[in-house]
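Below: the structure, in structure tokens.
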Amino acid sequence: MNHTDPDHHVLPAPTVWPMVVALGTTLAGAALVTHITVGIVGLSLILIGGIGWWREVLPEERLEHVPLRPPAERAAPIAPVAARVDRLHPGEDGHRVRLPSEVQPISAGVVGGLVGGGAMAIVASLYGLLFQGSLWYPINLLASVAMPALGRADLATVRGFSLTAFILGVVVHVVVSVLVGLLYAVILPMLPRRHMVWGGLIAPLLWTGLLWAVSGVMNPVLNARVDWPWFVVSQITFGIVAGVVVSRAQPIATMQTWPLHMRAGLHTATRHERRPER
């Protein structure tokens with residue numbers, strides 16, 4: 001069968017070797033943070049996959065002949081039609097070049113982050129009073145991320161009051177809350193409907209899982225002291241409160257809805273401003 005057979009189409013034969021090489025490369029990279037055995041397995045897969053991939057093209061490339069449909073079952077040729085198409089310009093009749101056409105103001109993200117952070121702090125403080133007998137336990141845990149000595153201290157020290165830990169914890173909590181609130185203001189308008197599900201449930205669960213995985217590797221002592229069910233509840237509280245504040249803010253139209261001269265920063269005279277012709 002030749003390559004010009006009108007009833008068949010010639011394609012490169014499918015092969016699994018590129019995926020074997022990719023897997024080996026991934027394992028070889030993972031060996032930098034795991035174990036040398038993983039690297040040995042990865043290098044072996046790279047070698048085996050490379051040889052197999054090489055034999056797919058040399059000494060002769062493997063090809064696959066895909067049969068085509070009979071001419072009677074094929075689609076008819078497209079007949080060109082000479083017709084004029086009216087094109088919309090950006091900003092005309094609601095035409096949109098980019099999505100979204102409206103965004104939440106930055107102030108909504110800041111306020112949402114602060115209000116959500118306050119609600120989360122109330123939930124965390126309630127946990128500290130009920131289960132640790134200390135109002136300072138949650139904020140000391142937060143400060144211990146930047147104060148390793150506090151993270152390794154005994155429970156009595158973590159439950160006690162420390163002015164340095166209090167100031168550091170408050171600053172970190174406010175900054176992170178504002179940043180996440182700004183992220184909500186940017187991302188929520190671009191997500192599909194049900195913003196409360198995305199911002200109040202899915203997003204908190206995702207970043208809580210990420211924090212749990214990272215802290216378990218980087219700081220096992222701190223990870224063991226965090227009550228993760230209560231942590232999830234506090235994060236969901238933040239997500240719901242911040243999401244409500246952000247979603248209720250008055251959206252602002254993006255520049256894509258403006259005429260071209262406005263987006264370019266130019267001032268053009270309107271019909272009423274134009275001088276009458278002499």
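The values are calculated or read from the model by the stated rules, or taken from the named source; none is laboratory data. These numbers come from a predicted model, not from an experiment. Please note: Cβ atoms are built from the backbone with ideal geometry, for glycine as well, and neighbour counts cover all protein chains shown.
Which number in (1) at pLDDT 90 or above; (2) of a type outside the set (Val, Ile, Thr); (3) out of contact with any Gly (no Cβ under 9 Å at 6 or more places or on another chain) marks the one condition that Met19 misses?
Unmet for Met19, out of (1) at pLDDT 90 or above; (2) of a type outside the set (Val, Ile, Thr); (3) out of contact with any Gly (no Cβ under 9 Å at 6 or more places or on another chain): (3).
Here are the criteria: (1) more than 33 Å from the chain's Cα centre (by Cα); (2) part of a helix (DSSP H, G or I); (3) farther than 18 Å from Trp228 by Cα. Tell me which single one Val172 does not satisfy.
Evaluating Val172 over (1) more than 33 Å from the chain's Cα centre (by Cα); (2) part of a helix (DSSP H, G or I); (3) farther than 18 Å from Trp228 by Cα leaves (1) as the failure.
Could we say that Ser177 is at pLDDT below 85 and either touching a helix residue (DSSP H, G or I) at 6+ places or on another chain (Cβ under 6 Å) or not assigned by TED's automatic domain parsing to the domain that holds Val111 (or both) here?
no
Any residue in the stretch 143-150 that is assigned by TED's automatic domain parsing to the domain that holds Pro229, among the aliphatic types (A, V, I, L, M), closer than 21 Å to Val233 by Cα and surrounded by 17 or more Cβ atoms within 10 Å (Cβ to Cβ)?
Initial filter on the stretch 143-150 (assigned by TED's automatic domain parsing to the domain that holds Pro229): 143-150.
When the remaining residues are screened for being among the aliphatic types (A, V, I, L, M), the result is 143, 145-147, 149-150.
Within this subset, residues satisfying the condition of being closer than 21 Å to Val233 by Cα are 143, 145.
Subset that is surrounded by 17 or more Cβ atoms within 10 Å (Cβ to Cβ): 143.
Yes - at least one qualifying residue is present in the stretch 143-150.
Quick one: what pairs do we get from the stretch 125-149, first residue over 16 Å from Val170 (Cβ atoms), second surrounded by fewer than 18 Cβ atoms within 10 Å (Cβ to Cβ) and among the aromatic types (Phe, Trp, Tyr), C-beta under 6 Å, 6+ apart or different chains?
Listed by first residue and then by second, the contacts come to Tyr127/Trp230.
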